[in-house]
1. What spacing in nm lies between the two simple spin-label points modelled at E247 and E287, each 7 Å away from Cα in the Cβ direction?
2. Grab the other residues whose beta carbon is less than 14 angstrom from that of D25, score K and R as +1, D and E as -1, and report the net.
3. At 0.890 mPa s and 25 °C, plugging the Kirkwood radius over alpha-carbon pairs of the stretch 274-389 into Stokes-Einstein gives what diffusion coefficient in µm²/s?
4. Taking the square root of 5 times each eigenvalue of the Cα gyration tensor, what semi-axes in Å does the equivalent ellipsoid of the stretch 130-178 have, largest first?
5. Beyond 24 Å, what share of the Cα-Cα pairs of the stretch 57-183 is found? Please give it as a whole percent.
6. Under the definition of Cα pairs under 8 Å and six or more residues apart, what whole-number percent is the relative contact order of the chain?
7. Could you give the length gained by full extension between N195 and A60, i.e. 0.36 nm per residue of separation minus their alpha carbon distance, to one decimal place?
8. With respect to the cross-link table entries K97/K191; K49/K97; K49/K253, which display a Cα-Cα separation exceeding 29 Å?
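The values are calculated or read from the model by the stated rules, or taken from the named source; none is laboratory data. Keep in mind that this is a model prediction, so the values were computed, not measured. Here the Cβ is made from the backbone with ideal geometry for all residues, glycine too, and neighbour counts use every protein chain on show. To get the accessible areas, we keep the full protein, side chains included, count just its heavy atoms, and leave off ligands, DNA and RNA. Shrake-Rupley method; radii C 1.70, N 1.55, O 1.52, S 1.80 Å.
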Amino acid sequence: MAPTYPFSETDGLTLDPTYERLRRDEPVSRVTYPYGGEGWLVTTYDETKFVLGDPRFSRARTVGQDVPRMQPLIAPGGSILTHDGADHARMRRLVSKAFTVRRIEELRPRAQQITDELLDHLANPGDLVEGFSMPFPVTVICELLGVPFEDRDDFRTWSNQVLATVGGYTPEEAMQGFQKLHAYFTELVAKRRANPADDLMGALVIARDDDDRLSEEELVRFGITLLVAGHETTANMIANSVVVLLEHPDEAKSLRENPDKLPNAVEELLRYIPLGSGAGFTRIATEDVQVGNALVKEGDAVLVVASSANRDATTYAHADELDLDREVGQHLQFGHGIHFCLGSQLARMELQVALGTLLRRMPGLRLAEPVEFRRGSLVRGPVRLPVAW
């Protein structure tokens with residue numbers, strides 16, 4: 001039987017040393033996943049980029065199937081995450097204008113205002129997760145989508161259930177979380193029809209009702225995807241970045257003194273920090289494909305580990321070291337190919353605003369207590385981040 005994956009329980013922001021061995025000796029290897037049995041695991045940069053960019057690896061073939069995967073939840077259809085080709089392009093075009101560089105830059109002043117207001121009210125000492133890193137991106141995505149901020153506790157709970165891996169919520173609880181989100185957005189769509197609004201959900205309702213460019217199910221699941229992806233990843237990335245900068249005080253000091261380095265520093269943090277707790281979404285080979293050292297057969301499941309690929313020493317010198325002056329190039333934190341993260345520019349802007357403001361306003365920022373990281377989730381991040389300054 002192929003080795004069990006993940007190789008060990010997620011430990012903070014530490015990568016299991018098995019990844020380094022696999023990158024060197026067996027970049028594409030057979031493993032047994034927590035759900036769905038055996039599949040291929042890809043750990044190197046070039047092979048990861050190849051799989052993500054090649055249309056012969058299908059996300060649509062996973063819909064409703066008990067495929068090898070990290071999550072208990074079987075992939076439902078109707079989502080931009082589970083469409084290939086023309087269907088994916090159709091859905092992406094509907095929202096791409098909301099996430100252009102120009103549109104995101106227009107949001108920057110509001111993001112700065114939200115940041116300043118939250119930090120004005122942050123207790124000293126206090127929890128940076130509950131007081132800032134979570135409510136900041138939640139507020140931004142709620143305003144962008146048109147989701148009531150006061151519902152945040154509910155949809156955060158449901159999001160955590162949906163993002164569960166082994167050791168987190170049960171398969172039944174994961175499905176319950178998805179069903180709750182589905183019911184929530186079904187109701188929100190009905191409200192938008194009754195009372196149109198100038199927000200992203202309002203625009204998607206128009207695309208469904210006036211132009212027939214979305215099915216009703218696609219409309220609801222689009223909202224779910226944008227909400228979950230729009231706050232969970234960024235919130236945890238902000239908190240993780242603070243932890244890493246506090247662990248590298250010389251790098252933090254240099255960045256504080258040279259704020260113009262912030263955009264590149266954010267790219268290095270995105271490369272360096274293993275945000276995912278393991279392999280990403282499953283893809284199914286639609287024909288036999290040679291991937292590195294392995295012949296992947298038609299119907300085989302393939303999962304890539306972006307966090308491992310971003311530490312590939314053949315792509316990045318001293319890959320396990322944080323170097324905020326590094327010329328990062330194209331890291332794979334946001335993926336590659338047609339499923340490249342739609343919200344990448346929003347996440348970059350939010351990270352720049354959040355980290356730049358923290359460095360400027362709180363030069364004495366330090367941990368007040370040891371950090372406890374979440375377990376049993378696709379996304380790594382602190383449960384709490386007790387800080388003082």
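1. Going by the 7 Å Cα→Cβ label model, 4.4 nm.
2. 0
3. 140
4. The answer is 23, 12, 8 Å, longest axis first.
5. 48
6. Reported as a whole number, the value is 27 percent.
7. Residue separation times 0.36 nm, minus the Cα-Cα distance, leaves 45.2 nm.
8. K49/K253
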